[in-house]
Amino acid sequence: MDYMADIKKDNKVAEEWLLSYKERRRQYYIDRQSILGATCSPDVSSRCGVGNQTMTKGIQLTKLMQQEAWLETIEVVEESLSESKQLFLALRREAVYLQENGNAGRPPWVEYVQQRFASEIDQFVHDNTIKRWWRELVNQTVIVALKKKCLQ
């Protein structure tokens, strides 16, 4: 078993949930309404028979419960953050839309967060601090996710 690869994978999943929380939360409620309000989901309607409807709905509800556990994980982490760290997370989420893939060296989000954070609180924060804060936030999210059994 490659523990380091598993840790890296868990960190990546936690990062994705941290960064896309709002979109995933919105999609969760859409999916929830669709699952609970319909007898068959549109993508499997052609295969739905009497037995398949129950099985399909059960699978969908299981996935929905997993999503709910992740949403709760992110909410627990966010609630534990200081105001400055909440600002940091909000700016980090904003930076997602400005990122360019494939850049070597300093990630583009670091400079964006650094500049915006400085303008918001009138204090410069070093690159290493920004990166450390992100690693700590991801690690904290992984720990909560493990406690909530979101990660195996």
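The values are calculated or read from the model by the stated rules, or taken from the named source; none is laboratory data. Predicted model only: the values in this text are computed from it and were never measured. Because the Cβ atoms are built from the backbone with ideal geometry, glycine has one as well, and the counts that use them run over all protein chains shown. Side chains included, ligands, DNA and RNA excluded: accessible areas come from the protein's heavy atoms. Shrake-Rupley method; radii C 1.70, N 1.55, O 1.52, S 1.80 Å.
Computed quantities for the displayed model
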{"item": "Contour minus Cα-Cα distance for Arg135 and Glu94 (0.36 nm per residue)", "result": "13.0 nm"}
{"item": "Cβ-based charge dipole, the chain, positive-most Cα from Gln60, Val113, Asn11", "result": "Gln60"}
{"item": "Between helix 127-147 and the chain: long-axis angle, C-alpha atoms, 0 to 90°, nearest 10", "result": "30 degrees"}
{"item": "Where chymotrypsin sites (Phe, Trp or Tyr not before Pro) in DSSP loops with at most 10 other Cβ within 10 Å are excluded, longest remaining stretch of the chain", "result": "1-96"}
{"item": "Distance violations [Cα-Cα > 24 Å] among Lys22/Lys147; Lys12/Lys57; Lys63/Lys131", "result": "Lys12/Lys57; Lys63/Lys131"}
{"item": "Computed lengthening from Leu87 to Asn128, 0.36 nm per intervening residue step minus Cα-Cα distance", "result": "13.0 nm"}
{"item": "Helical mean residue ellipticity (222 nm; -39500 (n - 2.57) per DSSP H run of 4+; nearest 500) of the chain", "result": "-25500 deg cm²/dmol"}
{"item": "0 to 90° range, to nearest 10: angle between helix 21-37 axis and the chain longest Cα axis", "result": "10 degrees"}
{"item": "Projected label distance in nm at Lys148 and Met1, using a 7 Å step from Cα toward the beta-carbon", "result": "2.3 nm"}
{"item": "With every protein chain in place, segment 61-142: carbon and sulfur % of accessible area (1.4 Å)", "result": "47 percent"}
{"item": "Crossing angle, helix 108-121 versus the chain [Cα axis fit, 0-90 degrees, rounded to tens]", "result": "70 degrees"}
{"item": "Structure-derived Rg/Rh (Cα atoms, Kirkwood Rh) - corresponding label in [x] 0.96; [y] 1.10; [z] 1.07", "result": "[z]"}
{"item": "GluC sites (Glu not before Pro) lying in DSSP loop within segment 60-152, provided at most 10 other Cβ fall within 10 Å", "result": "Glu100"}
{"item": "Gain on full stretching of the segment that runs from Ile30 to Thr54 - 0.36 nm per residue minus C-alpha separation", "result": "6.7 nm"}
